[in-house]
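Colleague: Dumping the structure here so I can ask a few things about it.
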Amino acid sequence: MLILPPRTSWLYRLSASLSSTRRYLTTFLFITICTALWFHYIYQPLNNRIDAAQKQAKLPKQPSAEDLSDTINTLRNELTAQTSTPSHDDQLHAVLGYVEHAGMSLEHCSLQDKGLYVQALGTYKQCLVFFDQLASSAYSLVPRDIRITRGADNLFSLSVMIEPSFDTHS
């Protein structure tokens, strides 16, 4: 059984006095206002929170201070654990000095298992000066895998693997 409001209520009298078109427009306006309020106060804030949570989940995790200190300690241990003899360091400094004295610009230098990999850029004459200094070095430095590539402006790219020998010519 359906319970209707009494016919004496103000809502019933108001709706009964309106034409059917105005009742439909009033109902449509009421539903539109309710939907707009729901959208503005409930849907949008909830949607913004979900978007922010998704964006935050996609961001890389920031390492904590403990993670950073562990990484620093690990790198410090690796650096101190390298067994480089003073002759290795002397030969490295000598080769870098030869590159600088020849007037070449050093592009890359790395210490590898076999020896020292050097990549430098300079003129052909500077490359010859570098090899002359290498040949007259106080250390037994043997160049291997020499690659000279001509580039722009008459510059040459020199790539060489220098294998140090532990015997010195003192």
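The values are calculated or read from the model by the stated rules, or taken from the named source; none is laboratory data. This structure is a prediction, so every number in the text was calculated from the model and none was measured. Please note: Cβ atoms are built from the backbone with ideal geometry, for glycine as well, and neighbour counts cover all protein chains shown. Just so you know, the surface numbers come from the protein's heavy atoms only, side chains and all, with ligands and any DNA or RNA stripped out. Shrake-Rupley method; radii C 1.70, N 1.55, O 1.52, S 1.80 Å.
Colleague: Just read off the accessible area of residue 127 with the full protein assembly in place, 1.4 Å probe, to the nearest 10 Å².
Modeller: Accessible area, nearest 10 Å²: 0 Å².
Colleague: Obtain the nm distance between the two label points defined at residue 53 and residue 117 by a simple spin-label model: each point lies 7 Å from its Cα along the Cα-to-C-beta direction.
Modeller: Modelled inter-label distance: 4.8 nm.
Colleague: Just to be sure I understand: with springs between alpha-carbon atoms less than 10 Å apart, which residue in 49, 23, 144 has the highest mean-square fluctuation in the Gaussian network model of the chain?
Modeller: Between 49, 23, 144, it is 23 that shows the largest mean-square fluctuation.
Colleague: For every helix of n ≥ 4 consecutive DSSP H residues, a contribution of -39,500 (n - 2.57) applies; sum these over the chain, divide by its total residues, and give [θ] at 222 nm rounded to the nearest 500 deg cm²/dmol.
Modeller: On the way: 6 runs with 87 residues, N = 170.
Roughly -16500 deg cm²/dmol at 222 nm, from the helical runs in the chain.
Colleague: For the chain, evaluate the Debye formula with one uniform point scatterer on each Cα (no solvent term) and list log10 I(q)/I(0) at q = 0.08 Å⁻¹, rounded to two decimals.
Modeller: Cα-only, vacuum Debye calculation for the chain: -0.55.
Colleague: Shifting gears a bit: Using a 1.4 angstrom probe on the protein heavy atoms only, could you order 37, 155, 2 from most to least accessible area?
Modeller: Numbers: 37 95, 155 55, 2 145 Å².
Result of the area sort, largest leading: 2, 37, 155.
Colleague: Long-range amide H contacts for residue 123: which residues qualify at under 5 Å (H placed 1.01 Å from N, peptide plane, sequence gap of 5 or more or a different chain)?
Modeller: Amide H neighbours of residue 123, under 5 Å, 5+ apart: 156.
Colleague: Taking just the alpha-carbon atoms of region 89-170, what radius of gyration and Dmax come out, in angstrom?
Modeller: 12.1, 41
Colleague: A further question follows. Sort 94-101, 128-135 by packing, meaning the average of other beta carbons within 10 Å per residue, with the highest value first.
Modeller: On the way: 94-101: 17.5, 128-135: 15.9.
Packing proxy ranking, top to bottom: 94-101, 128-135.
Colleague: Angle, helix 86-101 long axis vs. longest principal axis of the chain, Cα atoms, 0 to 90°, nearest 10?
Modeller: 90
Colleague: If each of residue 101 and residue 39 carries a label point 7 Å out from its Cα toward its Cβ, how far apart are those two points in nm?
Modeller: A separation of 8.0 nm, rounded to one decimal place.
Colleague: How far is it, in nm, from the label point at residue 3 to the one at residue 46 when both lie 7 Å from their Cα along the line to the Cβ?
Modeller: Rounded to a tenth, the inter-label distance reads 3.0 nm.
Colleague: Given the options 69, 157, 15, state which has the largest fluctuation in a GNM of the chain using a 10 Å cut-off (strictly under) for Cα springs.
Modeller: Maximum among the listed residues: 15.
Colleague: In whole Hz, what ³J(HN,Hα) sequence does region 152-159 give by Karplus (6.51, -1.76, 1.60; θ = phi - 60°), x for Gly and Pro?
Modeller: 6, 6, 6, 9, 10, 9, 9, 10
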